[in-house]
Amino acid sequence: PKYKEFENKSISTANGRQLNVGGYLGDGKEGMVYIIKGEPDLAVKIFKKNKIENSNLEKKIKGMIQNQPQGADPNSGKDLIFAWPQDVVYYNDQFVGYLMPRVDTENRANIRTFIRREFSESEPLDKRLKLAFNFASAVHIVHKSGFAIGDFNYENIFVNENEDKVTLIDCDSYSVVDSHGNEFHGKTMYEETIPPESRATDSMERAQMADSFNLAVWLFRILNPTQSAYANPFQAKGNLAESGKLLEM
């Protein structure tokens, strides 16, 4: 089946555990996320076939499972910061995707919606600083683990509406290194916040530097909220400012 046709299909994990795929939760550039029947705390991402063919995606996901960062274990009793891969899944003995914790989006909003809805010029600074700290802390954990995020799309960054805590999803796009020192870099990126040199895929150090640039733009948006949550520290204003599309400016 195509990645959009896995509803009601049976898949298996690396150790042979059988699972039944339920309805879909969302669709992205690289695949689709479904619920797992009878497993309310789990979700599965099924990749598009062209993302798997001639790639090291299976090796990358297995490496991520073996090197889980702090905040990625839903059974730890602590806040879930990352919807990190938990197990690879197969269909007819072919790798198709991975299991991950199912993030409750009922009490969360993506960061752009959260900024637009919750923050205003009159909002206390300490509330904005709390979100900025929590977001920066999540990035720090990734870097401390030797990885990089790469893609800072607002649709992958969720904020708990009651506590301003951050949960990051779509972690398979990260730049990671396995236990043998092999690096695997994703290619997706959010063009509104990437540095001028785009997403780095030649070294983990450069990838992490690019992360810092992406994070800085989001921190600017958190600390200087606007109605649209599109603010960019490199976007000039005034009669002499360049006009046009955001990326051009």
In segment 7-162, lysine pairs 8 or more places apart or on different chains with C-alpha atoms under 15 Å apart total 11
Across all Cα atoms of segment 1-113, Rg and the largest Cα-Cα distance (Dmax), in Å, are 13.9, 40
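Kirkwood Rh over alpha-carbon pairs of segment 112-228, then Stokes-Einstein at 4 °C and 1.567 mPa s: what D in µm² s⁻¹, rounded to an integer?
It diffuses with D of about 88 µm²/s by this estimate.
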Long-range amide H partners of residue 9, meaning residues 5 or more apart or on another chain whose placed amide H is closer than 5 Å, are 21
Computed for segment 1-144: size of charge dipole around the Cα centre, +1 on C-beta of each Lys and Arg, -1 on C-beta of each Asp and Glu, debye to nearest 20, value 360 debye
Dipole check, segment 1-123, charges on Cβ (K,R +1; D,E -1), about Cα centroid: among 38, 56, 98 the Cα furthest to the positive pole belongs to 56
In Å², rounded to a whole number, the accessible area per residue of segment 145-184 with probe 1.4 Å is 34 Å²
Across 167, 105, 13, the residue with the highest GNM fluctuation in the chain (Cα network, 10 Å cutoff) is 105
Most fluctuating of 183, 161, 197 in the GNM of the chain (C-alpha, under 10 Å) is 197
So residue 8 and residue 237, fully extended at 0.36 nm per residue minus their Cα-Cα distance, gain in nm 77.2 nm
Where a ≥ b ≥ c are root eigenvalues of the Cα gyration tensor, a/c under 1.5 meaning rounded, otherwise prolate if a/b exceeds b/c and oblate otherwise, segment 8-60 counts as oblate
Note: the chain at 37 °C, 0.692 mPa s; Kirkwood Rh on alpha carbon pairs; Stokes-Einstein D in µm²/s works out to 172 µm²/s
The distance between the Cα centres of segment 123-154 and segment 17-80, in whole Å, is 22 Å
The size of the Cβ-based charge dipole (Lys, Arg +1; Asp, Glu -1) of the chain about the Cα centre, to the nearest 20 debye, is 260 debye
If every Lys and Arg gets +1 and every Asp and Glu gets -1 at its Cβ, then about the Cα centre segment 56-134 yields a dipole, in debye to the nearest 20, of 220 debye
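The values are calculated or read from the model by the stated rules, or taken from the named source; none is laboratory data. All values derive from a computational prediction rather than experimental measurement. For neighbour counting, all protein chains shown are included, and Cβ atoms are generated from backbone atoms with ideal geometry for every residue, glycine included. Surface accessibility is based on the protein's heavy atoms, side chains included, excluding ligands, DNA and RNA. Shrake-Rupley method; radii C 1.70, N 1.55, O 1.52, S 1.80 Å.
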